[in-house]
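Notes to accompany the following structure.
The values are calculated or read from the model by the stated rules, or taken from the named source; none is laboratory data. Owing to the predicted nature of the structure, the values given are computational and were not obtained by experimental measurement. Note that we place each Cβ from the backbone using ideal geometry, even for glycine, and neighbour counts take in every protein chain shown. Note: accessible area is taken over every heavy atom of the protein model, side chains too, but ligands, DNA and RNA are not part of it. Shrake-Rupley method; radii C 1.70, N 1.55, O 1.52, S 1.80 Å.
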Amino acid sequence: MGIYNNFAYIYDALMQDVNYHKWVDYIELLFRHYRVRPRQIVDLACGTGNITIILKERGYDVIGIDRSEDMLFVAREKARSRGMDIPFIFQDMRYISLHRPVDAMTCICDGINYIPSEEELDLVFKGVYRYLKAGGIFVFDISSYYKLSSILGNNTFVRTDEDISYIWQNYFDKRSQLCEMELSFFVKEGEYYRRFDEIHWQRAYRTEEIVEHLEKNGFEDVGVYQPFTLKPPKKKAERIFFAAKKGKIVS
């Protein structure tokens, strides 16, 4: 599934209002809450490197992993422009392969939603568990079932700006729990606009499904949080954070 191709080069322009420093503040809050002090962090589904770069700025030894070569190209250019040497690796997080275990892994801003089945979710969690050191922590978030099924699902969104406009049509299938997103972008190039289209699919996971699969794959101390707090998520939370530590070995 080729995703984030042309989109990679306008992604940051569309996300410029996101306070990534706040997100990293929260990741560090969870580190402190779990009493871990990681040095090496792997940032899964790192995209254009916004979280990865801030983690590097804060002194962590980081690696970014993503399955979009275009997103990784943008991430590498951004890191180089800041004088940073960050390994950005082209890899599918269902099949993680590292040289050595690390202290922590993150997967921020819907990365897990791009895993379309529970069987593949197990592959992700097994790989993360395998490459975490004993006592290592995994921090990630999802767009909630409520958000994908009721807020985005079967709705259309339109943005009209001078430089970038889009039409975003969504269709939610209750049977597969997949939200199909059809995106048409119009990007200004000189006097004209260039159009390109992408289709994305995100899986709507229920909180209990995520917790069950984490515990099934050996994770302990699983926490489920309302964004940027240590409180449990609200009933209609649109985003939910998870944190879990590596426990006993699973065969």
Practice task
Sum -39500 (n - 2.57) across every DSSP H segment of at least 4 residues in the chain, then divide by the residue count to get the 222 nm mean residue ellipticity, nearest 500.
Solution key: -7500 deg cm²/dmol
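If you place +1 on the Cβ of every Lys and Arg, -1 on the Cβ of every Asp and Glu, and leave all else neutral, what size is the dipole of the chain about its Cα centre, to the nearest 20 Debye? Walk me through the intermediate numbers first.
On the way: 35 positive and 37 negative charges, 225 e Å.
Its charge dipole is roughly 1080 debye.
Tell me, in nm to one decimal, what length is gained between A134 and K236 on full extension, where the rule is 0.36 nm per residue of separation less the Cα-Cα distance?
33.3 nm is the gain from fully extending A134 to K236.
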Exercise for the section: Rank by packing, highest mean first: peptides 37-43, 104-110, with packing defined as the count of other Cβ atoms within 10 Å averaged across residues. Expected result: 104-110, 37-43
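Take F186, F138 and sort them by solvent-accessible surface of the protein heavy atoms, 1.4 Å probe, largest at the top. List each step's numbers first, then the result.
Numbers: F186 60, F138 0 Å².
So the residues, ranked largest to smallest area, are F186, F138.
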Exercise for the section: Using the Karplus curve 6.51 cos²θ - 1.76 cosθ + 1.60 with θ = phi - 60°, work out ³J(HN,Hα) for each residue of the stretch 195-203 in order, rounded to whole Hz, and write x for Gly and Pro. Expected result: 9, 9, 10, 9, 10, 10, 10, 10, 8
Exercise for the section: Find how much the distance from Q226 to S176 grows on full extension, using 0.36 nm per residue of separation minus their present alpha carbon separation; answer in nm with one decimal. Expected result: 15.4 nm
Fill in the blank from the handout: As straight-line cross-link partners of K147, the qualifying lysines (C-alpha separation under 27 Å, not fewer than 8 residues apart within one chain) are K22, K126, K174, K216, K231, K234, K235, K236, K245
